[in-house]
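This report concerns only the one structure given below.
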Amino acid sequence: RHGSNLWRWSAKYTLDIAQTLYEEYKLITYPRTDSRHLPTDMRDSIDELITELSKQDDYSEHCRRLADDGLTNTARNFNDAKVSDHYAVIPTGNNPPANLPAPARQLYDHITRRFLASFHPHATWLDAKRVATKNEQILTAKASTLEVAGWRAVIPKPNSSPEGWGVLAETPCIGEIAAIEVQQKQTKPAPRMKDAGVLSAMENAGKIIDDEEFREAISEKGLGTPATRADHIEKLISHSYIERLKSGGLRATAKGIRLIEVLRRIPVNWLSSPELTGEMESRLSGVQQGTFDSAEYMMEINHKVIAMVESVKGYESDTLYPHDQPLGDCPVCDGKVYEGMLNYHCQHNKRGKGCPFAIWKDSRGRYFDIITATRFLNDGKVDDLHGFVNRSSEEFTASIIRNDDHKLEFLSQGPSKEELSAAEELIGCPTCEGGSIKVTDTHWACDNGACKSKPLARNICKREMQTDEALRYFTEGETELIEDFISKRGKPFTAKLVNRGGRLKFEFPPRQNNGRSNLPQYEVTEGVVGTYSQRGSKVPIIESATHFIAADNDQGIELEIPRTFAKRELLRDECKTLVEQGKVGPLDDFISKKGKPFSAILVLNRSGNVKFRFD
Ligand SMILES: [Zn+2]
Ligand SMILES: [Zn+2]
């Protein structure tokens with residue numbers, strides 16, 4: 001476990017190294033033990049072992065000290081009751097070969113020092129605390145100095161005293177404030193458990209069991225055995241129930257969390273709790289002591305397994321997740337959103353048919369619990385959401401939004417402040433006061449954090465963007481038509497890059513006969529035509545020569561309604577009715593493709609398209 005704590009070794013790696021020290025180099029005793037004690041009949045051989053170890057330069061000083069002062073803690077270290085099949089891991093006294101690999105040497109040194117330290121007396125520290133008062137504020141500082149080395153002579157630890165601690169002239173004394181430094185910090189959640197933490201949690205799993213009898217049965221043993229615990233961790237990783245981060249922290253995957261969640265709902269939660277092991281251990285020791293019949297024990301196990309398999313195979317997703325409490329309204333249709341096994345979905349979403357809306361519990365490698373999913377559904381976004389993992393197994397925080405297709409999307413982050421301040425300037429920012437557009441390795445972006453312009457990636461759809469294109473994008477809000485983008489399916493396409501309400505969009509060239517170039521042009525009257533509402537936000541609609549359009553806005557709302565339908569001009573006040581009430585008409589004087597006049601109602605649907613309706 002120390003290997004994992006001190007050196008970020010995984011539990012399995014540590015055990016593997018220990019195994020080579022035991023088998024191959026014969027430098028330590030059997031490592032797969034959970035005892036920290038030695039049998040009393042080893043008392044004499046320990047003296048011999050210390051004599052052997054004194055021949056190794058690194059330990060001779062400590063061995064000599066033990067020989068001179070005698071061994072302490074012998075009553076604690078030699079305890080037959082706490083030794084089962086194996087005793088504590090100790091060195092064998094053999095001399096390590098010169099070619100011993102570094103990790104093995106490191107672990108050997110650690111084991112040997114722990115062994116020698118365990119026979120040393122206590123270390124004594126002098127803790128000093130100084131209290132300063134100023135305007136009723138009380139400030140404290142502490143320092144620790146080693147007074148009596150004891151076992152710390154073998155495993156040293158430096159004194160800890162704040163910078164400039166020094167010596168006080170007298171106590172108490174008047175001092176002066178030399179400098180004040182203000183630091184802004186944020187609270188942090190508890191760090192992720194590493195291998196050592198999980199091993200210790202498995203070892204002490206009994207503590208969280210309510211039933212006293214079961215707790216007792218497991219308290220000495222924990223979950224698994226010392227020989228198997230590390231393998232259990234690796235097994236969970238290989239089945240993708242947990243993953244190991246670059247930091248060494250272990251985190252449950254969405255798959256792992258879903259499994260436990262379903263087991264609890266079925267409910268077979270005893271399968272996911274240490275209670276089961278506690279109960280089995282308790283019965284088993286009953287069998288061992290002859291107070292519980294072994295046939296009865298086996299029968300009980302049989303019943304449990306049958307009952308478990310029955311309930312696992314008999315469950316229905318609908319009964320596990322009854323539609324009782326909706327998360328909120330469906331953004332696509334008039335349905336409500338409910339929790340299911342794999343996702344949170346619209347009530348009209350029936351196995352992929354009907355309304356398509358769903359938020360997947362496993363989105364971008366992160367588990368979306370019901371609280372986060374509810375926030376995301378109702379706000380359409382979540383800022384600074386922690387717990388995503390990148391390809392190098394590092395966790396990161398990102399803001400997410402629901403895009404126009406109602407899918408989860410990362411808000412593009414752009415380069416960091418540090419990157420921007422180090423980067424070269426392209427132009428002064430046309431959008432904000434005082435900012436400049438900088439060129440980083442990956443983006444063009446304004447270095448003013450408050451600026452509304454959005455970063456432009458230097459590589460978009462497998463195409464290197466050119467400086468003059470970036471210039472146009474930032475100064476005019478759009479590029480010219482660019483021909484050689486490559487789509488995700490590998491097909492080349494042509495588009496303009498447009499900054500729409502702060503979001504980067506592709507705008508495709510108009511198709512023949514349907515494009516705006518063929519639409520009649522009208523005079524543009526300034527001012528607001530009407531107000532368009534979408535997702536609870538409102539934007540003013542204004543005129544362009546060919547369309548009624550949503551004015552620039554930072555909610556990302558877009559709307560384009562042609563000013564001409566079937567050769568008939570849509571008038572300004574008709575458009576106002578259309579955007580504000582969702583329909584207008586019946587209107588007369590439309591001309592069909594065959595040249596015949598007709599009447600129809602114009603309807604504006606939820607995706608912003610206008611359709612004819614005849615009733
Ligand atoms: Zn829906
Ligand atoms: Zn700017």
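The values are calculated or read from the model by the stated rules, or taken from the named source; none is laboratory data. Just so we're clear, the structure is a prediction, and the values are computed from it rather than from any experiment. Note: ideal-geometry Cβ built from the backbone for every residue, glycine included; neighbour counts use all protein chains shown. What goes into the accessible areas is simple: the full protein's heavy atoms, side chains included, and nothing from ligands, DNA or RNA. Shrake-Rupley method; radii C 1.70, N 1.55, O 1.52, S 1.80 Å.
Partner lysines whose Cα lies under 20 Å from the Cα of residue 188, excluding those fewer than 8 positions away in the same chain, are identified as 246. Note on residue 599 and residue 75: the model spin-label points, each 7 Å out from Cα along the C-beta direction, lie 10.8 nm apart. Mind giving me the FRET efficiency for residue 323 and residue 148? R0 is 60 Å, r the Cβ-Cβ distance, nearest 0.05 is fine. Approximately 0.30, to the nearest 0.05. Label positions at residue 265 and residue 300, each projected 7 Å from the Cα along the C-beta direction, are separated by 3.2 nm. With kT/(6 pi eta Rh) evaluated at 10 °C and eta = 1.306 mPa s, and Rh the Kirkwood radius from Cα pairs, the stretch 417-561 diffuses with a coefficient of 93 µm²/s according to Stokes-Einstein. Over the C-alpha trace of the stretch 200-315, radius of gyration and Dmax come out as 15.9, 49 angstrom.
Bridging of residue 134 to lysines at a Cα separation below 24 Å is possible for 142, 185, once same-chain residues fewer than 8 apart are set aside. Against the chain, whose longest principal axis is taken from its Cα atoms, helix 294-314 shows a tilt of about 10°.
Cross-link partners for residue 313 among the lysines, with Cα-Cα distance under 23 Å and sequence neighbours closer than 8 places in the same chain left out: 255, 304, 350, 361. Computed from the Cβ-Cβ distance with R0 of 56 Å, the FRET efficiency linking residue 19 to residue 333 stands at 0.40. Over 49 Å, how big is the tail of the calculated P(r) for the chain, in percent of all Cα pairs? Cα-Cα pairs in the chain separated by more than 49 Å: 42 percent.
If the chain between residue 606 and residue 399 were fully stretched, how many nm would it gain, using 0.36 nm times the residue separation less the Cα-Cα distance? It would help to have the intermediate numbers written out before the result.
Working: separation 207, 0.36 × 207 = 74.52 nm, distance 2.55 nm.
So the extension gain works out to 72.0 nm.
Rolling a 1.4 angstrom probe over the protein heavy atoms with all chains in place gives the chain an accessible area of 62 Å² per residue. Extension gain for residue 35 to residue 462 (0.36 nm times residue separation, less C-alpha to C-alpha distance): 147.8 nm. Label positions at residue 433 and residue 567, each projected 7 Å from the Cα along the C-beta direction, are separated by 5.4 nm.
Determine the relative contact order of the chain: mean sequence separation of Cα pairs under 8 Å and six or more apart, normalised by residue count, in whole percent.
Values: 914 pairs, mean separation 32.5, N = 615.
Relative contact order here is 5 percent.
Annotation: for a label point projected 7 angstrom from Cα along Cα→Cβ of residue 588, residues of the stretch 596-615 with backbone N closer than 17 Å are 596-602, 615. With 0.36 nm allotted per residue and the present C-alpha distance subtracted, the residue 471-residue 239 stretch has 78.6 nm of extension available. Taking all protein chains as present, what is the carbon and sulfur share of the accessible area of the chain, in % to the nearest whole number, probe 1.4 Å? Carbon-and-sulfur percentage of accessible area, whole number: 50.
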